């Protein structure tokens, strides 16, 4: 009933306020004379009332005390009312000196004005608060209200509570706050008691809780996971209030509250990097990012901007994503100098033009094919992009004197079981061996635009490789696919009940890439601490529950079997490698085998010859020779797994 009441017209509020002020002044006079009516000068009182009404008309108009909606009365309304009451009584006090009564200047006694000011303020606020709570009482009479607990008895939590109180359509009622600050426990805020967060499981059961809203941004990741797990175990929907910086125009609205995402519970404590060291290296420099429109490349660009580079060259072959990135940078970073450059990293002439034109001093190579099943069916394309593309950009980096070349690799390059992982391992081997070589022959790269005259170029570029697992929300991650399947009502398809993966957020991975790039001198493979591996079926179940559904009832989980080239678990090191720590606890250096550049270069040139003639069988055989630990799994190429393959055999077959 009360939810359909229209907002009361402002003129009604003005009349009510004027009436309340008039009654207050009359009562103030009665109190002054101890309610002895015979002592009142009614003529003088009428005159004072008329003057006071006129004063209040102007004061209320100036302070807009009538502008607030009574049912939403808050602190700001109280402040406006107190200020207007003070001003109107002061004006009445000074106006008294200019009133002529029976040829004598008189004024209202100060005690009456003080009593009047107090009564005016209390009366104006009391009737507003009464209307507010009467309205809320009748609005909350609905029997289908969802009972909610708010985690965080702070300003954000209280703001959330008050916002939900005013949103009738949400059908939510706040029955408790929980907090880990023991000083707050047992106290009451807005008629709601604060409990220790350790009691949440008991509260969920005893109060029949439907939802828990996390309104605390500074929360330990482990504590958040524990809280979410408790809620999901009791089929309680978990919601999240975004940070204040994400509120639209700094104003909180109920629509800001979102269901907690799987990324929120998989993330880890924030990673701190050496901003000064990175800034000293990159400030004012020209930086090339290949694959700049991809999930990793675009985040690298966003983070590189913070270090004030002289110019960012954004290279990608995908036109639309690169255009979208350009629009984003123009909007968010209007002072940033950048150039979008459409080009294929496999095309030597096009990439030569890029290097000759912009002369990058730092290169972050993120361009790659990364979908395992897709590359298993297209080995030649995997080699052409992941190996030839890397070789092209790496060679040009040497020829043009790039200071550092940072390659983005993958944990699938370790003991690879698929073409994609093996192609990335070959790319790793090439850049490592290139760094260990004294010089490279550049005659193959001359073209009419080239200014290079030397037959050999000395290798002075520091080649650094970074290796990590899956990133949350990337184009190749399972999470976007699971989300889409949930939106369609299921089922969620998992390849195997025992399959596990490492996960890391995109910003976290990119921060570590920048840190590793700044600390590396060349030839290193940096490995990131990926935390604990996650069982994919558990991930799927948690995503279903976070979406408010019941596993195998609302949304089923089915198993499709391992895809070609896929393995049950990923590794960050192979059996022949071990690690050394760095100054950053999240970054380690792999101690890897050294390779002869001449041998590697000869093998890769032969491999590229096979790939450019699109001979998949010869490509895979040659890959297995270059990377002996490459053992195909669930793939048509398993028959070519042998201990050693002679080059002669490959060529003759």
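Some values worked out for this structure:
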| read-out | value |
| --- | --- |
| So residue 185, is it assigned to a loop (DSSP other than H, G, I, E, B) and closer than 15 Å to residue 150 by Cβ | yes |
| Residue in region 485-492 that is farther than 24 Å from residue 399 by Cα, in contact with a helix residue (DSSP H, G or I) (Cβ under 7 Å, 6 or more places away or on another chain), in a strand (DSSP E or B) and modelled with pLDDT of 80 or more present | yes |
| Single condition residue 193 does not satisfy, out of (1) surrounded by 12 or more Cβ atoms within 10 Å (Cβ to Cβ); (2) in a helix (DSSP H, G or I) | (2) |
| Region 552-568, residues that are over 28 Å from residue 377 (Cβ atoms) and crowded, with 17+ Cβ neighbours inside 10 Å | 555 |
| Among (1) touching a strand residue (DSSP E or B) at 6+ places or on another chain (Cβ under 9 Å); (2) buried (at least 16 other Cβ atoms within 10 Å of the Cβ), the one test that residue 357 misses | (2) |
| Total residues in region 510-560, condition in a helix (DSSP H, G or I) and either free of Cβ contacts under 8 Å to residues at least 60 places away in the same chain or more than 23 Å from residue 461 (Cα to Cα) (or both) | 11 |
| Test: residue 313 is in contact with a strand residue (DSSP E or B) (Cβ under 7 Å, 6 or more places away or on another chain), over 30 Å from residue 562 (Cα atoms) and crowded, with 20+ Cβ neighbours inside 10 Å | yes |
| Hits in region 258-278 (condition: buried (at least 16 other Cβ atoms within 10 Å of the Cβ) and modelled with pLDDT of 75 or more) | 260, 261, 262, 278 |
| Boolean, residue 357 is closer than 30 Å to residue 616 by Cβ and free of Cβ contacts under 8 Å to residues at least 60 places away in the same chain | no |
| Per-region count, region 476-535, residues within 29 Å of residue 549 (Cβ to Cβ) and over 25 Å from the mean Cα position of the chain (by Cα) | 10 |
| Matching residues in region 175-193 - criterion: being more than 29 Å from the chain's Cα centre (by Cα) and on the phi < 0 side of the Ramachandran plot | 175, 182, 183, 184, 185, 187, 188, 189, 192, 193 |
| So residue 192, is it closer than 21 Å to residue 133 by Cβ and assigned by TED's automatic domain parsing to the domain that holds residue 234 | yes |
| Checklist (1) outside any loop (DSSP other than H, G, I, E, B); (2) at pLDDT 90 or above; (3) farther than 29 Å from residue 478 by Cβ applied to residue 309, failing item | (1) |
| Test: residue 368 is outside the structural domain of residue 629 (by TED's automatic domain parsing), crowded, with 21+ Cβ neighbours inside 10 Å, in a helix (DSSP H, G or I) and touching a helix residue (DSSP H, G or I) at 6+ places or on another chain (Cβ under 6 Å) | no |
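The values are calculated or read from the model by the stated rules, or taken from the named source; none is laboratory data. Everything quoted here is computed from the prediction, not taken from an experiment. Cβ coordinates were reconstructed from backbone atoms using ideal geometry, including for glycine residues, and neighbour counts include every protein chain displayed.
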